[in-house]
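Down below is the structure, laid out as C-alpha cells.
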Ligand SMILES: [Zn+2]
C-alpha cells in the first residue's frame, strides 16, 4: 500500500456508529422530538431541527435501493466491489458495500441484512447481504 494513502479514522461525532458496528449493531441517529431517524451524522435533527438527537440500535434490515460495481482502484478499497444504496426499515438511506455470492446481480428491492466483519482493520463498518 502506498505510504501516501490517507489514514482511515472516524471523529467523535460518528464514534457511536463505528462502536456499534464493532458490537455487531447498526446504529442510527434518532430524534426524540419528531421520532425520525437520520443519516448522515448531525447535531440537530434533519426533519425538525431539534437538538434532541440520540443514537439507537436499528433493526439492521433494509431493502436494496440501488447498486453499482466499482472498478476504480483505490489503495484502501481494491475493486471491484459492489456499492449499494440501502433503504433501512427506519427510513434512512445510506451507502454500504453489498456482499455475498453474486452481489452485483441482486435485484433492486431485495431484502437485506447488515453484516459485520470483525476482522476488518482499522475498524468494522456495516455491510449488507441479501436475505435468502
Ligand atoms: Zn426531529
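Here the range 110-122 is the region considered, the condition is being outside any strand (DSSP E or B) and within 18 Å of residue 60 (Cα to Cα), and the residue that is modelled with the highest pLDDT is 110. Checked against the criterion of being in contact with a helix residue (DSSP H, G or I) (Cβ under 7 Å, 6 or more places away or on another chain) and either touching a residue at least 12 places away in the same chain (Cβ under 8 Å) or over 23 Å from residue 18 (Cα atoms) (or both), the range 104-112 has no qualifying residue.
Among the residues making up the range 18-31, those that are closer than 21 Å to residue 48 by Cβ and within 12 Å of the chain's Cα centre (by Cα) are 27, 28. Contact map, the range 14-34: first residue within 9 Å of residue 126 (Cα to Cα) and touching a residue at least 12 places away in the same chain (Cβ under 8 Å), second residue more than 13 Å from the ligand (Cβ to nearest atom) and part of a helix (DSSP H, G or I), Cβ cut-off under 7 Å, separation 6 or more or different chains; pairs are 26/20.
For the range 32-54, the candidate set comprises residues that are within 30 Å of residue 106 (Cα to Cα) and in contact with a strand residue (DSSP E or B) (Cβ under 6 Å, 6 or more places away or on another chain); within that set, the residue that is farthest from the ligand (Cβ to nearest atom) is 39.
The residues on offer are 62, 87, 57, 104, and the sole one that is modelled with pLDDT of 95 or more and within 21 Å of residue 13 (Cβ to Cβ) is 57. In the range 118-132, the residue that is surrounded by the fewest Cβ atoms within 10 Å (Cβ to Cβ) out of those that are under 13 Å from the mean Cα position of the chain (by Cα) and either free of Cβ contacts under 8 Å to residues at least 40 places away in the same chain or over 25 Å from residue 15 (Cβ atoms) (or both) is 129.
The values are calculated or read from the model by the stated rules, or taken from the named source; none is laboratory data. If you're wondering where the values come from, they're calculated on a predicted model, not measured in any experiment. Glycine also receives a Cβ, built like all others from the backbone with ideal geometry; neighbour counts cover every protein chain displayed.
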